[in-house]
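The next block holds one structure in the form of structure tokens; read it before the comments.
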Amino acid sequence: MRGLFTAGILDVLMENGIVFQKAAGVSAGVAFGCNYKSRQIGRVLRYNLNYSSDWRYKSYRSLILTGDLYGADFCYHELPDKLDVFDTTAFEADPLEFYAVATDVMTGKAVYHLLKDGGNEDLEWIRASASMPLASRVVDINGQKLLDGGISDSIPLEFLEKKGCNRNLVILTQPLTYTKHQYHYFKAIAAALHRYPALVSALKDRPSMYNAQVAYVKVREAEGSAFVLRPPSALNIPPLEKDPDEIRRVYNVGRDLALSKLDEIIDFLS
């Protein structure tokens with residue numbers, strides 16, 4: 001739900017005709033960010049307002065009945081195919097190279113998938129990127145077992161730099177002062193995922209990896225090769241938030257920040 005902050009920023013960028021050559025999204029960053037490539041302004045806010053109270057979208061009931069806190073069939077089929085249609089034609093036609101980041105549970109390493117047409121396979125990669133350990137089933141795509149990309153590459157700035165991007169807009173959903181610490185329930189996670197020791201190792205190392213990536217972003221920001229948008233304070237929205245006012249609040253934090261920084265963003269990118 002912190003991704004609503006990202007959605008607010010991306011809508012402002014789309015409204016002002018700002019385009020990129022390449023992008024990478026992790027977890028909610030790709031689940032919501034894919035609408036940037038399909039150019040569907042307002043879609044993320046709209047479907048979250050319309051369906052956040054539907055147990056099939058997100059609920060403990062969904063977790064118990066389907067194995068996914070965010071219902072896989074509803075979120076990646078019923079919703080984009082019928083209820084709030086995802087424009088795959090526009091997605092495929094747009095020249096933006098958009099990568100989804102997921103984690104291979106057998107190796108604990110990041111894998112990067114270039115989204116092509118917004119079809120079923122792309123949606124499965126997006127689902128994999130956003131599938132949190134214990135809150136989601138492992139996603140199997142052509143024999144590759146995948147979970148949340150944030151486990152192995154939370155902020156894929158270096159990935160994009162290696163792709164030749166030398167001026168990058170980075171959207172973070174935690175404030176400047178945030179430091180990630182080890183999960184309080186790490187032992188329970190390790191026990192539940194004991195079949196995937198490399199994944200458990202990656203989860204154990206995740207706080208240090210994330211904090212190192214944040215430090216790297218700050219270096220690039222100081223050098224002038226990265227422009228960073230981060231919330232001014234903690235967004236404080238839980239994963240199962242249903243209150244429409246709270247959903248709008250977090251979305252508007254992103255919008256307001258993007259609008260206040262718009263001229264700077266345009267100067268940076270030009």
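The values are calculated or read from the model by the stated rules, or taken from the named source; none is laboratory data. What you see is a predicted model, and the numbers here were worked out from it, not measured in a lab. FYI the Cβ positions are ideal-geometry reconstructions off the backbone, even for glycines, and counts take in every protein chain you see. For the accessible areas, the whole protein counts, side chains as well, though only heavy atoms, and no ligand, DNA or RNA atoms are used. Shrake-Rupley method; radii C 1.70, N 1.55, O 1.52, S 1.80 Å.
A few notes on this one:
- Computed across the stretch 167-219, the Kirkwood radius stands at 12.7 Å (inverse of mean 1/r, all Cα pairs).
- In the context of the full set of protein chains, residues of the chain present 47 Å² of accessible surface per residue (probe radius 1.4 Å, heavy atoms only).
- Highest mobility in the GNM of the chain, judged by mean-square fluctuation with C-alpha springs under 10 Å and restricted to 42, 143, 254, is found for 143.
- Against the empirical 2.2 N^0.38 Å (N residues), the stretch 215-270 has a Cα radius of gyration ratio of 1.40.
- Restriction of the GluC sites (Glu not before Pro) in the stretch 177-264 to DSSP coil positions whose beta-carbon has at most 15 other beta-carbons within 10 angstrom yields no sites.
- For the stretch 1-94, the Cβ-based charge dipole about the Cα centre amounts to some 240 debye (Lys, Arg positive; Asp, Glu negative; other atoms uncharged).
- Only helices enter the 222 nm calculation for the chain: every DSSP H run of n ≥ 4 contributes -39,500 (n - 2.57), and dividing by all residues gives -13500 deg cm²/dmol, rounded to 500.
- Relative contact order (percent, whole number), the chain, Cα cutoff 8 Å, 6+ residue spacing: 26 percent
- Each of residue 178 and residue 266 was given a label point 7 Å from its Cα along the Cα-to-Cβ line. The distance between the two points is 2.9 nm.
- Panel values: the stretch 117-203, Kirkwood radius from alpha carbon pairs, Stokes-Einstein at 20 °C and 1.002 mPa s, translational diffusion coefficient 141 µm²/s.
- Each Lys and Arg adds +1 at its Cβ and each Asp and Glu adds -1 at its Cβ; summed about the Cα centre, the stretch 159-238 shows a dipole of about 200 debye.
- By the Stokes-Einstein formula, at 0.692 mPa s and 37 °C, the stretch 67-118 with its Kirkwood radius over alpha-carbon pairs has D equal to 251 µm²/s.
- Simple Cβ-charge dipole of the stretch 116-270, Lys/Arg +1 and Asp/Glu -1, about Cα centre, in debye nearest 20: 520 debye
- Stretching residue 93 away from residue 54 to a fully extended chain increases their span by 10.8 nm, per 0.36 nm per residue minus the current alpha-carbon distance.
- When peptides 188-199, 71-82, 25-36 are ranked by their average number of other Cβ atoms within 10 Å per residue, the highest-first order is 25-36, 71-82, 188-199.
- Each distinct pair of alpha carbons in the stretch 2-125 adds a 1/r term; the inverse of their mean, the Kirkwood radius, is 15.1 Å.
- Each 5 Å bin from zero up to the one holding the largest Cα-Cα distance in the stretch 112-152 carries the following percent of pairs: 6, 26, 34, 24, 9, 2.
- Computed label-point distance, nm, for sites residue 106 and residue 191 using a 7 Å Cα→Cβ extension: 2.8 nm
- When you work out D = kT/(6 pi eta Rh) for the chain at 20 °C and 1.002 mPa s, using the Kirkwood radius from C-alpha pairs as Rh and the Stokes-Einstein form, the result is 114 µm²/s.
- Overall form of the stretch 176-270 per C-alpha gyration tensor (a/c, 1.5; a/b vs b/c): oblate
- The residue list 132, 49, 191 was ranked by how far each Cα lies along the charge dipole of the chain toward its positive end, using unit charges on Cβ atoms, and 191 comes out on top.
- Calculated FRET efficiency for the pair residue 259/residue 83, C-beta based, R₀ 30 Å, to 0.05: 0.55
- Counting DSSP beta bridges with both ends in the chain, the antiparallel % (nearest 5): 55 percent
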